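None of the figures in this text is laboratory data; all of them are computed from the coordinates on show. Remember, it's a predicted structure, so these values are computed and weren't measured experimentally. Positions of Cβ are backbone-derived with ideal geometry, glycine not excepted, and every protein chain shown enters the neighbour counts.
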Amino acid sequence: MSAGAVGYAKENAGRFLEELKTLLRIPSVSTTPEHKGDVEKAAQWVAAELKRIGMENVEVIRATDSERGGHPLVYADWLHAAGKPTVLCYAHYDVQPPDPLEEWVSPPFEPTERNGNLYARGAVDDKGQLVLQLKALESLMKKDGKLPINVRVIYEGEEEVGGERIAAFVREHPDRLKADFALISDTEMFAPELPTLCVGLRGMIYTELEVRGAKTDLHSGMYGGAAPNPFVALAQILAGLKDRDGKILIPGFYDDVAKPSADELKAWKALPFDEEEYREKEVGATKLVGEPGYSAIERTWARPTLDVHGIVGGFTGAGAKTVIPAKATAKVSMRLVPDMTPEKAFRLYRDYVEKIKPEGVTVEIRLIHQGEPIVIGTDNPYVKAATKALKKVWGKDTVFIRSGGSIPIVGDFERFLKIPSVMMGFGLPDDGLHAPNEKFHIANFHRGIESLIEFLDEVGSL
Ligand code: BES
Ligand code: MN
Ligand code: MN
């Protein structure tokens, strides 16, 4: 049956890519208030496509009081495959900000094809992968007049800022998302041509650490030496959070870290991975850093970490200004692994900062968003169907990997909906997620659609 749908996808490959470009032209940056209307536009585009391909009960679910600038969810379903399993399809249509703009070879919101890739912000994270689902559903629907299994779709427009709205929706309306498993299209392949399922994600807490000294900005000559400097205090606090080996110094931080199983570690060792090549080609730094005794794979998949994303405040204009700023702020996040919890990590971090902060300053720590870490089981029929489908399309056995990234809602699907997730993604390691010149390898776009068609079909014949 899937032969027809795959054929349809092949015949329509050109149009499918053009339609992805239409979505990519909408700058749906979820974190910037100026783009709120664009995020709405993207939601409407996605909803219209779902309707066009024959999905039912299509709904753009907006925040009731649009409180705190939440972005809409898009829901749809098709539930006419009596006796067949139900899949909950997930992806996100929001994107990260495109800056630094001057680094882009072609503009971020003018999708451009170059050497077999499609370049645009959101190309692979995650509009391209959302469109994989739309096109797989369209191909099945158009060719067979029906879908092989029951389908619910839930897309969010604020994954990149923590996914608060979808988390609330999952807690409040688990009945509307009732399914047997979730299909998450928002991850990567371990290497080109290597079919991959992701089975673990790190959780995170994202915080702002604000240090205040004097009650107002002061002349640094008149007061320098007597007034506390919040930037120096902030630097001292930040330097106290991690040692030179990359070990986090917050007492108790590692207490709940679960070790990967011996089988997992063995499987990771067998992956085609060259640390030196990763250092040079992907990272592009003179040396990799991190905890001694752990490989780069373990450091990024199975160990927690702490990073500083930016330091804000003070004088940053051209030239010089002799000022002791009143406050300094840093954006600090921690990635968490099983069995850590965001609540405990936040408490330990806050208490420790209070303890190590220098005299003369006050510190306020704000939690911006949080998400639980997750490792999912692979012993279920949906994972088996997935590996079978991937073998058909890519001709190879699937590798199981974890990822250092986070998709906050995946943990909630397991905890609140009590369903397993299949994280089948088609990004490549050098796709540049969140970076300038993000791309989607066009061959992966088409084979991704084919893979999803085969997968849904495989589940239909379970
Ligand atoms: N799709 C990514 C997460 C990801 C990246 C999974 C690579 C697997 C491989 C997602 O859009 C993302 O970037 N998430 C944020 C989450 C955060 C803002 C809550 C992240 O990981 O920084
Ligand atoms: Mn994503
Ligand atoms: Mn992302």
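The figures follow:
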item	result
Spread of Cα-to-Cα distances over 5 Å intervals beginning at zero, given as percent, for segment 278-322	5, 15, 16, 19, 11, 7, 11, 10, 6, 1
Segment 123-250, relative contact order [Cα under 8 Å, separation at least 6], %	15
Beta bridge orientation in the chain: antiparallel %, DSSP, nearest 5	70
Separation of the Arg347 and Ala3 label points, Cα + 7 Å toward Cβ, nm	6.1
Estimated inter-spin distance, Lys10 and Glu277, nm [label 7 Å along Cα→Cβ]	3.0
Beta bridges by DSSP in segment 87-197, antiparallel share as percent, to the nearest 5	30
Segment 345-442, relative contact order in percent, only Cα pairs under 8 angstrom and at least six apart counted	21
Whole-Hz couplings from phi, Karplus 6.51/-1.76/1.60, listed for segment 323-334; x for Gly and Pro	9, 9, x, 6, 8, 9, 10, 10, 8, 10, 10, 10
Helix-derived mean residue ellipticity, 222 nm - over the chain, DSSP H n ≥ 4, -39500 (n - 2.57), to 500	-9500 deg cm²/dmol
Spatial separation of Cα centroids for segment 274-320 and segment 184-203, in angstrom	21
Mean separation of Cα contacts under 8 Å (6+ apart) over length of the chain, as relative contact order %	25
Gain on full stretching of the segment that runs from Arg176 to Glu193 - 0.36 nm per residue minus C-alpha separation	2.5 nm
Counting all C-alpha pairs of the chain, share separated by more than 33 Å (%)	39
Interchain or long-range residues, amide H under 5 Å from Val399's placed H	Thr196, Leu197
Separation of alpha-carbon centers, segment 386-462 and segment 220-257, rounded to whole Å	40
